[in-house]
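This report refers to the structure that appears directly beneath it.
The values are calculated or read from the model by the stated rules, or taken from the named source; none is laboratory data. Since this is a predicted model, take the numbers as computed values, not measurements. Note that each Cβ is placed from the backbone with ideal geometry, even for glycine, and that neighbours are counted across all protein chains shown. Surface areas here come from the heavy atoms of the whole protein model, side chains and all, with no ligands, DNA or RNA. Shrake-Rupley method; radii C 1.70, N 1.55, O 1.52, S 1.80 Å.
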Amino acid sequence: MSSAVRETLVIALGGNAITRPGEPGTIPQQFEHTAETLEHLKPLFHSDYKLVITHGSGPQMGNILIRVEEGERRVPRLPLDTCDADCQGGMGYMIQRLACELFRRENIDRDVVTVITQVVVDPNDPDFSHPSKPIGSFYTADEIAQLQLENPHWQLREIEKGRFRRVVPSPRPIEILERKAIAALLEAGAVVIACGGGGIPVAWDGDRLEGVEAVIDKDSATSLLATEIHAQKLIILTSVDQAAIHYGEPSQRCLDTLTVDEARAYLAAGEFPAGSMGPKIQAAIDFINAGGEECIITSTSQVADALWNRSPDLFAAMRSERLPQAVTIARATRITR
């Protein structure tokens, strides 16, 4: 790819890229999984693409809030927007440090920079009355009663059948304040980590910028960032290779390609739940409608092959000089106009 036509990619890391289900999510575990994720992104780091990495923070934010609430007897309570900032900085440091190590090993001549990102929201957004953003761990129905006794101010919602999570307000993002700085860093060749955990929610009150106690959806903020920096492609990484309809049923069907109209129809029909694939599909729709070329939804292990629409079977065979009996293109869902 020549420098004259360098495309901008915005890559959203899913929670599974950093914290795995069933694990306590210790710092060493998070570093280990993040390092594995960056290994899968290595071909992109070697390319000429301008790259932005965003990431979720649901499990981490849940843990931070527990520490804040448990420590209120000893130290002043931290507002939620400050918790967002702490989480964004800490996770950005982790990704940045591991990327620096990878770039050194691979002789990749690029800087990596974390931008603590503020995202403007409407303080009158309806989600403040009806919180929708899942954070923290999953809980079973048997654990709910005790949790509500211990934490009467928590709002809990069933995200998947028999699995519950705490929910907090998640207003719609309106504007990325650091978008020009991010674009400038990309032009300088840096890999930029931005909008971590959806960014820090802020709102204007005249000339005063105030923090807002909420957690913005990472996919929604990522889509807006991709639009505002004029990215060509949005890549959303998740725990599955493809989006599917009739998910978990005998009639489940994975989706290779979708138009925006098809994606919108499936979303309206309830095929993509709000707590899992729904926000990713909506983010794709918003990005394409705002002028983006393509959104790719896939797993971390498939990302490089999916981006170049190539077959991992074929490339492995070429390296070993053996052709496979059947060649399959990398598994991903592509959403276009």
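Values as computed for the structure displayed
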{"item": "Test: LEU185 is open to solvent by 10 Å² or more (accessible area, probe 1.4 Å), touching a strand residue (DSSP E or B) at 6+ places or on another chain (Cβ under 6 Å) and part of a strand (DSSP E or B)", "result": "no"}
{"item": "Test: residue in the range 248-261 that is touching a residue at least 60 places away in the same chain (Cβ under 8 Å), assigned to a helix (DSSP H, G or I), open to solvent by less than 50 Å² (accessible area, probe 1.4 Å) and in contact with a Ser or Thr (Cβ under 9 Å, 6 or more places away or on another chain)", "result": "yes"}
{"item": "Flag if ASN63 is surrounded by 15 or more Cβ atoms within 10 Å (Cβ to Cβ) and farther than 25 Å from ALA304 by Cα", "result": "yes"}
{"item": "Residue match in the range 189-205 (condition: open to solvent by 60 Å² or more (accessible area, probe 1.4 Å) and free of Cβ contacts under 8 Å to residues at least 12 places away in the same chain)", "result": "yes"}
{"item": "Answer residue from the range 153-181, given it is buried (at least 19 other Cβ atoms within 10 Å of the Cβ) and among the hydrophobic types (A, V, I, L, M, F, W, C) and is modelled with the highest pLDDT among those", "result": "ILE176"}
{"item": "Qualifying residue in the range 10-24 (condition: over 13 Å from the mean Cα position of the chain (by Cα) and open to solvent by less than 60 Å² (accessible area, probe 1.4 Å))", "result": "no"}
{"item": "Odd one out for VAL52, checked against (1) aliphatic (A, V, I, L, M); (2) closer than 24 Å to ILE281 by Cβ; (3) surrounded by fewer than 21 Cβ atoms within 10 Å (Cβ to Cβ)", "result": "(3)"}
{"item": "Leading residue by the ranking (least open to solvent (accessible area, probe 1.4 Å)) among those in the range 262-288 that are out of contact with any helix residue (DSSP H, G or I) (no Cβ under 6 Å at 6 or more places or on another chain) and within 22 Å of ILE229 (Cβ to Cβ)", "result": "ALA284"}
{"item": "Unmet criterion (only one of (1) open to solvent by less than 20 Å² (accessible area, probe 1.4 Å); (2) touching a helix residue (DSSP H, G or I) at 6+ places or on another chain (Cβ under 8 Å); (3) among the small types (Gly, Ala, Ser); (4) assigned to a helix (DSSP H, G or I)) for ALA35", "result": "(1)"}
{"item": "Residue count for the range 208-235, restricted to those that are surrounded by fewer than 22 Cβ atoms within 10 Å (Cβ to Cβ), assigned to a loop (DSSP other than H, G, I, E, B) and in contact with a Pro (Cβ under 9 Å, 6 or more places away or on another chain)", "result": "1"}
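Table: residues versus (1) touching a Ser or Thr at 6+ places or on another chain (Cβ under 6 Å); (2) among the aromatic types (Phe, Trp, Tyr); (3) open to solvent by 40 Å² or more (accessible area, probe 1.4 Å); (4) at pLDDT below 90.
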position	(1), (2), (3), (4)
ALA290	yes, no, yes, no
CYS295	no, no, no, no
SER301	no, no, yes, no
ALA304	no, no, no, no
GLN325	no, no, yes, yes
ALA330	no, no, no, yes
ILE335	no, no, no, no
